[in-house]
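Heads up, the thing below is written out as structure tokens.
The values are calculated or read from the model by the stated rules, or taken from the named source; none is laboratory data. Since this is a predicted model, take the numbers as computed values, not measurements. Cβ coordinates were reconstructed from backbone atoms using ideal geometry, including for glycine residues, and neighbour counts include every protein chain displayed.
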Amino acid sequence: MTADFLLTDALVPLRPSDTGEEALEIMNEFYIRHLPVVDGTKLVSVISESDVLDADPEEAVATYRVAQLPPSVYPDDHLYDVMRQLVDNNLTVVPVINRDGDYVGMVTGEDLLRFFAQSSTFSDPGSIVVLELGRHDYSLSEIARIVESDNAIVLSSFVRGLADSNQVEVTLKLNSQNIGGTIATFERFNYVVKASFNEKHLQDTLRERFDSLINYLNV
């Protein structure tokens, strides 16, 4: 999936002549903390709530001192790139521009989280298995072979390096709810199984975390 799939119709960008007060009204209405500023067709900046509060809300946003190279993505960038921009720049919306720098739209963090929460990775029944292994021992093909030997498949995987260590943590979403045999096989092949979650536990945990994220975005 690419950024153009999640362009929002509910929000419009600021114009340079719009005031900080107008920006805050929109941010408060839609529970966001950032808005792109578009001059004509060109993205010129991204204004944050703190930018407005640190300046004069009655002044035009064009007078604010903000980064001249605002973060953005292209319409055909993957949603993972959108997520990276959200996290790296602590944003609540990410502007989307074409290769000529023309503004196309924006993707909100809330819409992106909702998309991932409703994807098959989260919504399909199954279980979670968390492994820990050496960085140089990681092989997704071998892990998939072990899972498939128990008549299950890997729906998704996430790899996270552990700080100050040569170890990695591999989180697997499997399509099977009965994973006792899979866990036993992993342990037989000397994998460290750090955690596992059945479907009900998984759904309750993911729903709780998703609701917490949405509530945080709405603060």
Out of region 144-158, which residues are part of a loop (DSSP other than H, G, I, E, B) and aliphatic (A, V, I, L, M)?
ALA152, ILE153
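Kindly indicate which of LYS173, LYS200 is modelled with pLDDT under 95 and outside any strand (DSSP E or B). Working first, answer last.
On the way: LYS173 fails: outside any strand (DSSP E or B).
Going through LYS173, LYS200 in turn, just one is modelled with pLDDT under 95 and outside any strand (DSSP E or B): LYS200.
Which residue out of LEU113, LEU133 is over 23 Å from ALA163 (Cβ atoms) and either of a type in the set (Lys, Arg) or surrounded by 15 or more Cβ atoms within 10 Å (Cβ to Cβ) (or both)? Quick ask: steps written out before the conclusion?
On the way: LEU133 fails: over 23 Å from ALA163 (Cβ atoms).
It is LEU113.
Condition check: touching a helix residue (DSSP H, G or I) at 6+ places or on another chain (Cβ under 9 Å), of a type outside the set (Lys, Arg) and in contact (Cβ under 8 Å) with a residue 12 or more places away in the chain. Does ASP51 satisfy that? Give the derivation first.
Working: touching a helix residue (DSSP H, G or I) at 6+ places or on another chain (Cβ under 9 Å): yes; of a type outside the set (Lys, Arg): yes; in contact (Cβ under 8 Å) with a residue 12 or more places away in the chain: yes.
Judged against the criteria, ASP51 is a match.
I'd like the full set of residues that are assigned to a loop (DSSP other than H, G, I, E, B) and either touching a Lys or Arg at 6+ places or on another chain (Cβ under 7 Å) or of a type outside the set (S, T, N, Q) (or both), limited to region 114-131.
First pass over region 114-131, keeping only residues assigned to a loop (DSSP other than H, G, I, E, B): 119, 124-126.
Once the filter is applied, which keeps residues that are assigned to a loop (DSSP other than H, G, I, E, B) and either touching a Lys or Arg at 6+ places or on another chain (Cβ under 7 Å) or of a type outside the set (S, T, N, Q) (or both), region 114-131 yields ASP124, PRO125, GLY126.
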Just a yes or no: is a residue in region 129-148 of a type in the set (Ser, Thr, Tyr) and either touching a Gly at 6+ places or on another chain (Cβ under 9 Å) or modelled with pLDDT under 90 (or both)?
no
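Give the residue that is nearest to MET83 (Cα to Cα), with candidates limited to residues of region 1-45 that are in a strand (DSSP E or B) and among the charged types (D, E, K, R).
Going through region 1-45, the residues in a strand (DSSP E or B) turn out to be 2, 14, 19, 34-39, 42-45.
From the residues that got through so far, the ones that are among the charged types (D, E, K, R) too are 39, 42.
Details: ASP39: 25, LYS42: 22 Å.
Per the stated criteria, the residue is LYS42.
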What are the pairs with Cβ atoms under 7 angstrom where one residue, in region 62-88, is farther than 14 Å from LEU43 by Cβ and the other, located anywhere, is part of a loop (DSSP other than H, G, I, E, B) and modelled with pLDDT of 90 or more? Sequence gap at least six, or different chains.
TYR64/ALA55
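Residues in region 84-107 that are under 10 Å from the mean Cα position of the chain (by Cα) and buried (at least 17 other Cβ atoms within 10 Å of the Cβ): how many? Step through it out loud before you land on a result.
So in region 84-107, the residues under 10 Å from the mean Cα position of the chain (by Cα) come out as 84-87.
From the residues that got through so far, the ones that are buried (at least 17 other Cβ atoms within 10 Å of the Cβ) too are 85-86.
Total satisfying the criteria: 2.
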State which residue is nearest to THR182 (Cα to Cα) when the search covers only region 145-163 and only residues that are over 25 Å from the mean Cα position of the chain (by Cα) and of a type outside the set (Val, Ile, Thr).
ASP150
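Okay, residues lined up against (1) modelled with pLDDT of 95 or more; (2) touching a Cys at 6+ places or on another chain (Cβ under 6 Å); (3) in a loop (DSSP other than H, G, I, E, B):
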position	(1), (2), (3)
ALA62	no, no, no
ARG65	no, no, yes
ARG84	no, no, no
VAL87	no, no, no
MET106	yes, no, no
LEU112	no, no, no
Please specify each residue of region 1-24 satisfying the condition of being surrounded by fewer than 18 Cβ atoms within 10 Å (Cβ to Cβ), of a type in the set (A, V, I, L, M) and free of Cβ contacts under 8 Å to residues at least 60 places away in the same chain.
ALA10, VAL12, LEU24
In the set PHE122, PHE186, which member is within 30 Å of VAL93 (Cβ to Cβ), surrounded by 15 or more Cβ atoms within 10 Å (Cβ to Cβ) and either touching a Leu at 6+ places or on another chain (Cβ under 9 Å) or modelled with pLDDT of 85 or more (or both)?
PHE122
